[in-house]
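Novice: Below is a structure I'd like to ask you about.
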Amino acid sequence: MTAYEGRQEIVRVGKLLHDKGFIAATDGNVSVRLDGNRVLATPTCMCKGMMTAEDLVTVDMQGRRLEGFREVSSEIGMHLMIYRRCPDTAAIVHAHPPTATGFAAAGMALDQALVSEIVIALGEVPLAEYATPGTPELVDSLEPLVCDHNAILMANHGVVTHADDLLTAYMRMETVEHFAKIALTAHMLGKQQVLSPERVAQLTEIRKKIEGAKMSSMRKQEF
């Protein structure tokens, strides 16, 4: 996507995150990969629901600011690591949706196969070990998980999702929070009916076919 398109999409997603209550005050961050050496990202210390396109910053793959007048987020390292490790990833969303973050604060992954649609959309959502936000330790805690999972809970912190486009990364954040609410309800009811491994395998195959079809469609558009 062009820098102009990226700016418009990040501003739109920032407002969606704020309006949905997935972030509060200056929480969270969003980025898109512009090309092999440039990433467009939200700045630090600013409400993501009140940004304009001019507030965004462009950084290189070492996190050095190339464009923009605001300061770069201390969590840019997390974004850059995901882009380096996952070549197909073009967009990242980090937020603190309350129910999912509650699971993260309780040290509980969202890894039970409770709803077929969630298995197809996300698979499982693992829990990364706690690390202080904005530090290399946070990057290290996420690194073993990012290439096998599109959404990850960060212990006592929040959620990060990534995808090949920003809208999908945002919708994965919505799905994580939706799943967390369902899982919490099932827990409160005292009965969690987990899908069998055979059923999960069937759903996983469906997910692979959907992802394969999407990738094939994207390649055709490139030509």
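Novice: Among 73, 187, 115, pick out the residue whose Cα is farthest towards the positive end of the charge dipole of the stretch 3-222, where Lys and Arg carry +1 and Asp and Glu carry -1 on C-beta, about the Cα centre.
Specialist: 115
Novice: Still on this model: What percentage of all Cα-Cα pairs in the chain are separated by more than 32 Å?
Specialist: 17
Novice: A further question follows. For the stretch 66-156, run through the chymotrypsin sites (Phe, Trp or Tyr not before Pro) and keep only the ones in DSSP coil with at most 13 other Cβ atoms within 10 Å of their Cβ.
Specialist: Sites meeting the loop and neighbour criteria: 69.
Novice: Once every DSSP H run of n ≥ 4 in the chain is given -39500 (n - 2.57) and the sum is divided by its residues, what mean residue ellipticity at 222 nm do you get, rounded to the nearest 500 deg cm²/dmol?
Specialist: -14500 deg cm²/dmol
Novice: Counting alpha carbon pairs within less than 8 Å and at least 6 residues apart, what relative contact order, in whole percent, applies to the stretch 3-222?
Specialist: Averaging sequence separation for qualifying contacts and normalising by length gives 19 percent for the stretch 3-222.
Novice: Same structure, new question: Go through the stretch 132-143 residue by residue and turn each phi into a ³J(HN,Hα) via Karplus (6.51, -1.76, 1.60, θ = phi - 60°); whole Hz please, and just put x for glycine and proline.
Specialist: Values per residue, Gly and Pro as x: 5, x, x, 10, x, 5, 5, 4, 5, 5, 8, 3 Hz.
Novice: If we sort 52-62, 16-26, 185-195, 170-180 on the protection proxy, mean other Cβ atoms within 10 Å, highest first, what's the order?
Specialist: 170-180, 16-26, 52-62, 185-195
Novice: Taking amide H positions as placed 1.01 Å from N in the peptide plane, with prolines and chain starts having none, which residues 5 or more places from residue 125, or on another chain, fall under 5 Å of its amide H?
Specialist: Under 5 Å from the amide H of residue 125: 110, 111.
FYI, it's all coordinate maths here, none of it is from the lab. It should be emphasised that the depicted structure is a prediction, and the values quoted were computed from it without experimental measurement. Glycine gets a Cβ as well: all are built from the backbone with ideal geometry, and neighbour counts include every protein chain shown.
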